[in-house]
1. If Asp272 passes every condition in (1) at pLDDT below 95; (2) more than 17 Å from Ala33 (Cβ to Cβ); (3) buried (at least 23 other Cβ atoms within 10 Å of the Cβ) but one, which one does it miss?
2. Run down Ala200, Ala196 and say which single residue is over 24 Å from Ala9 (Cβ atoms), outside the structural domain of Pro95 (by TED's automatic domain parsing), modelled with pLDDT under 90 and in contact with a helix residue (DSSP H, G or I) (Cβ under 6 Å, 6 or more places away or on another chain).
3. Only residues in segment 278-289 that are under 10 Å from Trp164 (Cα atoms) and of a type in the set (A, V, I, L, M, F, W, C) count as the first member; pair them with residues that are outside any strand (DSSP E or B) and modelled with pLDDT of 95 or more, Cβ under 6 angstrom, at least 6 apart or cross-chain, and list the lot.
4. Within the bounds of segment 238-247, is there any residue that is loosely packed, with under 14 Cβ neighbours inside 10 Å, out of contact with any helix residue (DSSP H, G or I) (no Cβ under 7 Å at 6 or more places or on another chain), modelled with pLDDT of 95 or more and assigned to a helix (DSSP H, G or I)?
5. Does segment 90-112 hold any residues that are hydrophobic (A, V, I, L, M, F, W, C), in contact with a strand residue (DSSP E or B) (Cβ under 6 Å, 6 or more places away or on another chain) and more than 19 Å from Ser252 (Cα to Cα), and which are they?
6. Going by what's in this entry, would Pro94 be described as in a loop (DSSP other than H, G, I, E, B) and modelled with pLDDT of 95 or more?
7. Any idea how many residues of segment 32-89 are farther than 18 Å from Leu110 by Cβ, aliphatic (A, V, I, L, M) and assigned to a strand (DSSP E or B)?
8. Mind counting the residues in segment 39-88 that are within 19 Å of Leu121 (Cβ to Cβ), of a type in the set (Lys, Arg) and loosely packed, with under 13 Cβ neighbours inside 10 Å?
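The values are calculated or read from the model by the stated rules, or taken from the named source; none is laboratory data. None of these values were measured; they are calculated from a predicted model. Here the Cβ positions follow ideal geometry from the backbone for every residue, glycine too, while neighbour counts run over all protein chains shown.
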Amino acid sequence: MELLLALPAPAKLNLFLHVTGRRADGYHELQTAYALINLADLLDVERRTDARIVREGGLVGALEDDLAVRAAHALNTLAGTRHGATIRVSKRIPPGSGMGGGSSDAASTLIALNRLWGLNLPRNKLSAIGLELGADVPFFLHGRNAYAEGIGERLTTIDVPPSWLAIIWPGLHVSTREVFNDLGLTRNSKATKIAALSAAAGESAGELAAGPFVLSSLGVNDLESLVRRRHPVVDQALRQLERFGAARMTGSGSAVFVATASKEQAEMAVSDLPSQWRSWVTESVNEHPLAAW
C-alpha cells in the first residue's frame, strides 16, 4: 500500500476544562471531557521512495512547527527508520479555534504512516509520541470520547449521547500559550472525579450528558472568562449562543458552542451572524472514524 486518501481528522469540543495546578516543569494539570464531532480535516498520505517528509496544502505557520510533519519525524525516530511521506491536508477546522485541528491532523498522520510504513506499532506507542506533540493528541489516538486528567495522558472512555450542536468561530486565532501564561488565569480549580460528574449529569457511570449536554452540570471552562475579557468578539459569540442554552468555549478558544434539542434549533442559533464569522450545525459522535485501524 502506497497511498491513503481522504483520511478524516475530526474536531473535538471540551465539555468542560479545569486547570487544577501547574507542575514544576511548567506544564498545567488539567481535567476535561472531550467530545468528537462530525467536522473533520481530510488527509491524503502517500509513501515516498526517498526519506523526505513533504507537506502540502493547508499549512499554517512554519513547516517545522506543523504537527503532522513533527508526527512523521517522531514516528521515524521511535521506529529507528528513515521512511518518507507526502502529507496533503484539506483544512476544514480553523487553526486557533480550540477544536484541535492540528492535534487531530497529527494523530491521523501517525495512524496512517504506522500502516503505510508497515510499522504495526501498538496504539499506546503512538500515544506516547502524541503526548510529546501536544496534550490533545493522545485523545484523538484513544479513539473514543474521553475524560482526561494530568496533561492529557490519563484517559477514561465516556459515552456522550448524540446531540445537535451549533458552533461559532468568530474568525479569531487565540494563542493557547498566551492564555496559559496569562497571570490572570485560575490554576487551582478543585479536582473532581468522573463519578461525581456522572451523578451531576443525572446519568449512570461513564455517561456525561443527558438530553442534550447538561453543560451546567459538568463544571466550567476555566479559560473562558479570561478569553472573554481579552477578546470581546468571543464574548459576543457566546452571548449569541447563550440565548439557546448553556453555551461554552472549547479549549482556549475562540470557537464556542451550544447543544440543542433539534437540528432546527441549532440552525436558528447560528442564523444572522456577522459575515466574518463561520458557523457549523453538526452532531457529536462517540467513536473516531479511524478507531479500528
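1. In the conditions (1) at pLDDT below 95; (2) more than 17 Å from Ala33 (Cβ to Cβ); (3) buried (at least 23 other Cβ atoms within 10 Å of the Cβ), Asp272 misses (3) alone.
2. Exactly one residue qualifies, and that residue is Ala200.
3. From residues that are under 10 Å from Trp164 (Cα atoms) and of a type in the set (A, V, I, L, M, F, W, C), the pairs are Val281/Ala266; Val281/Glu267.
4. Yes: segment 238-247 contains one or more residues that are loosely packed, with under 14 Cβ neighbours inside 10 Å, out of contact with any helix residue (DSSP H, G or I) (no Cβ under 7 Å at 6 or more places or on another chain), modelled with pLDDT of 95 or more and assigned to a helix (DSSP H, G or I).
5. Passing the criteria: only Ala112.
6. It is true that Pro94 is in a loop (DSSP other than H, G, I, E, B) and modelled with pLDDT of 95 or more.
7. Of the residues in that region, 4 qualify.
8. Residues of segment 39-88 within 19 Å of Leu121 (Cβ to Cβ): 43, 45, 47, 51, 53, 67-85, 87.
Filter again for of a type in the set (Lys, Arg), leaving 47, 70, 82.
Those left that are additionally loosely packed, with under 13 Cβ neighbours inside 10 Å: 82.
Number satisfying all stated conditions: 1.
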